[in-house]
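Each remark here refers to the structure printed beneath this line.
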Amino acid sequence: MLIIAHRGASGEFTEGSKAAYEAAIDQKADGLECDLRLTKDNQIICYHDSNTARLSKINLEIAKTNYAQLANEINPYRFDQLLKLAIDNKKDLVLEFKHPVPSGGRVERAVHKLLKLNEAQIRASGIKITAISFSFLATLRNKLAQNDLYQAGLLINNKLYARLNPTSIFAININLLKQNPNLGSKIKKNGGKLYIWTVNDQDDLIFCEKIGADAVITDYPTQARKVLGYS
């Protein structure tokens, strides 16, 4: 079972920051998860919220602010920087596309273009990239663009989404899975891949391993490895 660092080692460092991702690598995470948004001038940054209010003392709307101003105020980590970090350290990537956004599908297209430009390096590194979203339209855009190094999945927090998933990757909320334990078994039986988020509790980590999850997304990579007995 792969251990994916949720916005980096976000339980100990500022989520989505360079420090959080570098710490996740030091903590031997198998992969790095990030949320992707476009700035006003179409730069791709790793940032969960639509604005900066929760993580800083100012309130800037990401989609309405140029990257230069964001860099000066909050210094967000760019996706091209994270991609290079992942390639250099041979870490898989799980990319979450946030919707709805004013830019619509431009964020997916920008990411697909960047991945294509770096295809040789991605292939040479051997990393796998998974794109997930709660949006069905974004998921379909990602599915159409996928190839042997880029795969699409659906974020799932209700049973209806699990039934309607157009991909083979089910990124499921841990609480939904615990309430419906047969759901994970059914997905695996039908050949689906099971990514579970956000898994920080010791018992939940063991539960995920027992049902055959392909990956867990956690805020604490070191803790997860210790609980699961990974070297």
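The values are calculated or read from the model by the stated rules, or taken from the named source; none is laboratory data. Bear in mind that the values here come from a model prediction, so they are computed numbers and not experimental data. Counting neighbours? That spans all protein chains shown, and the Cβs are built from the backbone with ideal geometry, glycine included.
Of the residues making up segment 213-228, none is at positive phi and not hydrophobic (A, V, I, L, M, F, W, C). For SER231, the stated conditions hold: it is assigned to a loop (DSSP other than H, G, I, E, B) and among the hydroxyl-bearing types (Ser, Thr, Tyr).
Taking the criterion of being part of a loop (DSSP other than H, G, I, E, B) and surrounded by fewer than 24 Cβ atoms within 10 Å (Cβ to Cβ), the residues of segment 26-38 that qualify are GLN27, LYS28, ASP30.
Being assigned to a strand (DSSP E or B), at pLDDT 95 or above, of a type outside the set (A, V, I, L, M, F, W, C) and buried (at least 19 other Cβ atoms within 10 Å of the Cβ) is a description that applies to THR130. The set of residues from segment 39-77 being touching a strand residue (DSSP E or B) at 6+ places or on another chain (Cβ under 9 Å), part of a loop (DSSP other than H, G, I, E, B) and of a type in the set (A, V, I, L, M) comprises just one member, LEU60.
Are any residues in segment 180-215 part of a helix (DSSP H, G or I), of a type in the set (Asp, Glu), within 17 Å of ILE4 (Cβ to Cβ) and without any contact (Cβ under 8 Å) to a residue 40 or more places away in the chain, and if so, which ones? Selection gives ASP204 alone.
Applying the set (1) at pLDDT below 95; (2) surrounded by 14 or more Cβ atoms within 10 Å (Cβ to Cβ); (3) of a type outside the set (Ser, Thr, Tyr) to ALA138 leaves exactly one unmet item: (1). The residue of segment 91-125 that is nearest to SER135 (Cα to Cα), among those that are in contact with an Asp or Glu (Cβ under 8 Å, 6 or more places away or on another chain) and among the acidic types (Asp, Glu), is GLU96. When you scan segment 81-104, do you find a residue that is out of contact with any Cys (no Cβ under 6 Å at 6 or more places or on another chain), assigned to a strand (DSSP E or B), of a type in the set (Val, Ile, Thr) and within 19 Å of THR14 (Cα to Cα), even just one? Yes - at least one qualifying residue is present in segment 81-104. Just checking, does segment 107-122 include any residue being surrounded by 14 or more Cβ atoms within 10 Å (Cβ to Cβ), over 19 Å from GLU33 (Cα atoms) and either among the aromatic types (Phe, Trp, Tyr) or touching a strand residue (DSSP E or B) at 6+ places or on another chain (Cβ under 7 Å) (or both)? Checked against the condition, which is being surrounded by 14 or more Cβ atoms within 10 Å (Cβ to Cβ), over 19 Å from GLU33 (Cα atoms) and either among the aromatic types (Phe, Trp, Tyr) or touching a strand residue (DSSP E or B) at 6+ places or on another chain (Cβ under 7 Å) (or both), segment 107-122 yields no hits at all.
Would you pick out the residues in segment 30-51 that are over 28 Å from THR222 (Cβ atoms) and hydroxyl-bearing (Ser, Thr, Tyr)? THR39, SER50 - these are the residues of segment 30-51 that are over 28 Å from THR222 (Cβ atoms) and hydroxyl-bearing (Ser, Thr, Tyr).
Is it the case that some residue within segment 98-108 is under 29 Å from ASP41 (Cβ atoms) and free of Cβ contacts under 8 Å to residues at least 12 places away in the same chain?
Within segment 98-108, the subset under 29 Å from ASP41 (Cβ atoms) is 98-108.
Filter once more, so that each one left must be free of Cβ contacts under 8 Å to residues at least 12 places away in the same chain: 104.
Taking every residue of segment 98-108 in turn, at least one turns out to be under 29 Å from ASP41 (Cβ atoms) and free of Cβ contacts under 8 Å to residues at least 12 places away in the same chain.
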